1. Just to check your reading of the model, which residue among Y220, Y215, Y177 is without any contact (Cβ under 8 Å) to a residue 40 or more places away in the chain and aromatic (F, W, Y)?
2. I'd like the residue in region 152-173 that is of a type in the set (A, V, I, L, M, F, W, C) and under 30 Å from V238 (Cα atoms) and, out of all such residues, is surrounded by the fewest Cβ atoms within 10 Å (Cβ to Cβ).
3. Does any residue in region 148-159 that is free of Cβ contacts under 8 Å to residues at least 12 places away in the same chain and among the basic types (K, R) come within less than 6 Å, Cβ to Cβ, of a residue that is surrounded by fewer than 19 Cβ atoms within 10 Å (Cβ to Cβ) and assigned to a strand (DSSP E or B) six or more places away or on a different chain, and which pairs are these?
4. Please tell me if S139 is free of Cβ contacts under 8 Å to residues at least 24 places away in the same chain and farther than 30 Å from Q48 by Cβ.
5. Which condition does P165 not pass, out of (1) within 23 Å of T51 (Cα to Cα); (2) in the same structural domain as E216 (by TED's automatic domain parsing); (3) out of contact with any Pro (no Cβ under 6 Å at 6 or more places or on another chain), if it passes all the others?
6. Pick out the one residue from G118, G125 that is surrounded by 18 or more Cβ atoms within 10 Å (Cβ to Cβ) and small (G, A, S).
7. Residues of region 23-49 being over 15 Å from L84 (Cα atoms) and either without any contact (Cβ under 8 Å) to a residue 60 or more places away in the chain or surrounded by fewer than 20 Cβ atoms within 10 Å (Cβ to Cβ) (or both), which ones?
8. Does P224 satisfy the criteria of being touching a Pro at 6+ places or on another chain (Cβ under 8 Å) and either among the polar types (S, T, N, Q) or not in a strand (DSSP E or B) (or both)?
Amino acid sequence: MIFSANLMAQETNIMIRAKAKDAKFIGSSIGGAKILVKDALTGEILDQGITSGSTGNTEKIMKQDWKRSEMLSEEETAGFNAILDVEKPKLVTIEAYAPINKKQAQVMSSTQLWVIPGKNITGDGVVLEVSGFVIDILSPQTHERITSSEKIELAANVVMMCGCPVTENGIWDASQYEVKAILTNADGVSKEIEMNQKDKPSTFKAEASLEKGLYEVLIYAYDPVTGNTGVDITNIIVN
């Protein structure tokens, strides 16, 4: 039996992508996904970065049937190429936090795999699915003071986790999603109001009347088909 000399570290590339559930890849247009590659046993960060590039080919990802081993990504599709120096097979944990610039919507998706020295993982690479919606409350504004005699405009921007728009009869059909506002006063009493997509893509609106008091405004989206969910919350004062 022949033993070789000490193993030498080899540079190993891993392409890592974050893909929104029922949508496209998370890239530069929404700020990307933060990627951490860690030693699964020690938690040491071996490499980190942010996915950059486009959301990908809509026709290929959303409209065509996929075949086994068929690549969904293209050269410009968003991803992060992690470069690791490993001497022997290492179990790693890969985490994606996305969308990195939308804290109220940001979730973590993770997986583990063995990295073999010199054995690159390219193409689509490691794809982490990120569930949810990004919701931004547009109206009312945080801590806004509103007269009780006024109608309160409720408005929210709702997009997929990749930033893809939600529209009536679109690829991401607004009528498929349940979007509602829950208005809760200081005594914990709530009322729920249905919101509909109006005026422009991804904008959902409704109106409400409230008595004087302090209120929490929570707006959520729910897709009964995929299970995607999203929430944003603010607070207002009704005089």
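1. Details: Y220 fails: without any contact (Cβ under 8 Å) to a residue 40 or more places away in the chain; Y177 fails: without any contact (Cβ under 8 Å) to a residue 40 or more places away in the chain.
When all the criteria are applied, what remains is Y215.
2. Keep residues of region 152-173 that are of a type in the set (A, V, I, L, M, F, W, C), which gives 152, 154-156, 158-162, 164, 166, 171-172.
This time we only want the ones that are under 30 Å from V238 (Cα atoms), so: 152, 154-156, 158-159.
Values: I152: 22, L154: 22, A155: 19, A156: 24, V158: 25, V159: 24.
Out of the qualifying residues, it is A155.
3. That search, which allows pairs on different chains as well, returns nothing.
4. Details: free of Cβ contacts under 8 Å to residues at least 24 places away in the same chain: yes; farther than 30 Å from Q48 by Cβ: yes.
Considered against the rule, which asks whether it is free of Cβ contacts under 8 Å to residues at least 24 places away in the same chain and farther than 30 Å from Q48 by Cβ, S139 comes out as yes.
5. Exception for P165: condition (3).
6. On the way: G118 fails: surrounded by 18 or more Cβ atoms within 10 Å (Cβ to Cβ).
Going through G118, G125 in turn, the sole match is G125.
7. Initially, region 23-49 is screened for residues over 15 Å from L84 (Cα atoms), giving 23-34, 41-42.
Those that are over 15 Å from L84 (Cα atoms) and either without any contact (Cβ under 8 Å) to a residue 60 or more places away in the chain or surrounded by fewer than 20 Cβ atoms within 10 Å (Cβ to Cβ) (or both): S28, S29, G31, L41, T42.
8. Numbers: touching a Pro at 6+ places or on another chain (Cβ under 8 Å): no; either among the polar types (S, T, N, Q) or not in a strand (DSSP E or B) (or both): yes.
When the stated conditions are applied, P224 does not pass them.
The values are calculated or read from the model by the stated rules, or taken from the named source; none is laboratory data. Remember, it's a predicted structure, so these values are computed and weren't measured experimentally. All Cβ positions, glycine included, derive from the backbone under ideal geometry; neighbour counts span all protein chains shown.
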